Amino acid sequence: MNNPRLRIGIDLGGTKIEGIALGADGVELARRRISTPRSYSATVDTITALVRQLEVETGGRASVGVGIPGAVTPSTGLVKNANSVWLIGQPLIRDLETALSRPIRVSNDADCFALSEATDGAATGADIVFGVILGTGVGGGIVVHGRALQGPNLITGEWGHNPLPWPTADEFDGPPCYCGKRGCIESWLSGPGFERDYAAQSGMARRGRDIIAAAHAGEDAATLALARYQGRLARALASIINVLDPHVIVLGGGMSNTPGLAEATATRLPAWVFSDSVETRVVRNMHGDSSGVRGAAWLWPAESA
């Protein structure tokens, strides 16, 4: 029987697998990280060994949640849409449950991010939370009353593959997206999208962090690129608010480290939200790179851990 005061989260990434053990109050008890093997069977073995090692260090049997870069189809139990391609078509939950002799919960890594920040992060106590990933891609997760939402298509929070709303004349038809369409939010608001926009307008190729530094140093081209990014983010999030009406939006991913991004975006929302006031808070994440692994641990609520 699992110790209800001990939970383990596993963040299964393309290059690393990270594990964390949390006490009932969310205090970190132990953490381990190991390189991700490039085969399915080795991945299952590595996760199993990591869980057992964390349990030895903490002295108890824990509930286990796993965040993955994809989803598990309920009807088949097989992984789909994973950029760690060796997971695709594999019965990950079944094999981990067999190896660890207990129920396992698996969820998308963006859902884990949102759950972490809603449980004991920047959105603690909020009833409806939208967690945003602004990184190499653009994704998200939705948490309502402390639980991550999952719909029948397993695409909850995939706002990055909607078109950028209220496009200006020079934004038609938008950049091509890997999904095969043009003008997706991801093609504008991902880190590579930000760099592409700057290059197109300035004629110079730069890394995102260098563009942001140049903007804060007063360079005109960089300042304009950052302002365009903030405006597009506000429009995209306004469409989320108009549908979901969350209490808090938490920004995550590499672009969320941009100084002042949450505040600048929030000031632009009233122009686009269908309301005479905007009560939704836009905040930067609290747990940073640890949100995914902490959220995996919180896949088991206290009453069922």
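The values are calculated or read from the model by the stated rules, or taken from the named source; none is laboratory data. Just so it is clear, the model here is predicted, and its values are computed rather than measured. Note: ideal-geometry Cβ built from the backbone for every residue, glycine included; neighbour counts use all protein chains shown.
For VAL248, the criteria (1) free of Cβ contacts under 8 Å to residues at least 24 places away in the same chain; (2) within 19 Å of THR124 (Cα to Cα) hold in every case but one, which is (1).
Scanning the stretch 259-276 for residues that are among the β-branched types (Val, Ile, Thr) and not in a loop (DSSP other than H, G, I, E, B) yields THR265, THR267. The residue that is nearest to SER107 (Cα to Cα), counting only those in the stretch 21-75 that are of a type in the set (Asp, Glu) and out of contact with any Ser or Thr (no Cβ under 9 Å at 6 or more places or on another chain), is ASP45. Whether any residue in the stretch 89-110 is closer than 18 Å to VAL283 by Cα and either crowded, with 22+ Cβ neighbours inside 10 Å or within 16 Å of the chain's Cα centre (by Cα) (or both) is what I want to check. Yes - at least one qualifying residue is present in the stretch 89-110. Considering the stretch 33-48, and only residues there that are closer than 27 Å to PRO301 by Cβ and touching a helix residue (DSSP H, G or I) at 6+ places or on another chain (Cβ under 6 Å), the residue that is surrounded by the most Cβ atoms within 10 Å (Cβ to Cβ) turns out to be VAL44.
Among the residues of this structure, PRO165 does not count as one that is farther than 30 Å from GLU28 by Cβ, at pLDDT below 95 and assigned to a loop (DSSP other than H, G, I, E, B).
Among the residues that make up the stretch 152-168, is at least one of them among the small types (Gly, Ala, Ser) and surrounded by fewer than 22 Cβ atoms within 10 Å (Cβ to Cβ)?
Narrowing the stretch 152-168 to residues among the small types (Gly, Ala, Ser): 157, 160.
Next cut, surrounded by fewer than 22 Cβ atoms within 10 Å (Cβ to Cβ) only: none.
No, the stretch 152-168 contains no residue that is among the small types (Gly, Ala, Ser) and surrounded by fewer than 22 Cβ atoms within 10 Å (Cβ to Cβ).
Out of ALA238, ALA225, ALA221, one residue alone is small (Gly, Ala, Ser), touching a Pro at 6+ places or on another chain (Cβ under 8 Å) and in a helix (DSSP H, G or I). It is ALA238. Being surrounded by 14 or more Cβ atoms within 10 Å (Cβ to Cβ) and under 27 Å from GLY139 (Cα atoms) is a property that LEU22 has. Screening LEU299, LEU251, LEU261 for residues that are within 24 Å of TRP166 (Cβ to Cβ) and more than 12 Å from the chain's Cα centre (by Cα) leaves exactly one candidate, LEU261. Output the qualifying pairs, or none if there are none: Cβ atoms under 8 angstrom, residues six or more apart or on different chains, first residue in the stretch 210-226 and under 20 Å from GLY254 (Cα atoms), second residue in a helix (DSSP H, G or I) and of a type in the set (Asp, Glu). Pairs found: ILE211/GLU195; ALA225/ASP197.
Just for the stretch 88-110: of the residues that are assigned to a helix (DSSP H, G or I) and touching a helix residue (DSSP H, G or I) at 6+ places or on another chain (Cβ under 7 Å), which one is nearest to GLY140 (Cα to Cα)?
Step one: of the stretch 88-110, the residues assigned to a helix (DSSP H, G or I) are 92-100, 109-110.
Cutting the leftovers down to touching a helix residue (DSSP H, G or I) at 6+ places or on another chain (Cβ under 7 Å) gives us 95-96, 99-100, 109.
On the way: ASP95: 27, LEU96: 26, ALA99: 30, LEU100: 29, ASP109: 9 Å.
Across the stretch 88-110, the extreme among qualifying residues is ASP109.
The set of residues from the stretch 41-87 being part of a loop (DSSP other than H, G, I, E, B) and of a type in the set (A, V, I, L, M) comprises ALA62, LEU78, ALA82. Here SER239 passes the criteria (1) surrounded by fewer than 24 Cβ atoms within 10 Å (Cβ to Cβ); (2) under 30 Å from ILE10 (Cβ atoms) except the one numbered (2).
Being in contact (Cβ under 8 Å) with a residue 40 or more places away in the chain, assigned by TED's automatic domain parsing to the domain that holds PRO246 and more than 11 Å from the chain's Cα centre (by Cα) is a property that holds for ASN162. If the condition is being at pLDDT below 95, in a loop (DSSP other than H, G, I, E, B) and surrounded by fewer than 18 Cβ atoms within 10 Å (Cβ to Cβ), then the stretch 277-305 contributes PRO301, ALA302, GLU303, SER304. Look at (1) in a loop (DSSP other than H, G, I, E, B); (2) under 14 Å from the mean Cα position of the chain (by Cα) and you find that VAL143 fails only one, number (1). For PRO192, the conditions (1) assigned to a helix (DSSP H, G or I); (2) in contact (Cβ under 8 Å) with a residue 12 or more places away in the chain; (3) surrounded by 16 or more Cβ atoms within 10 Å (Cβ to Cβ) all hold with the exception of (3).
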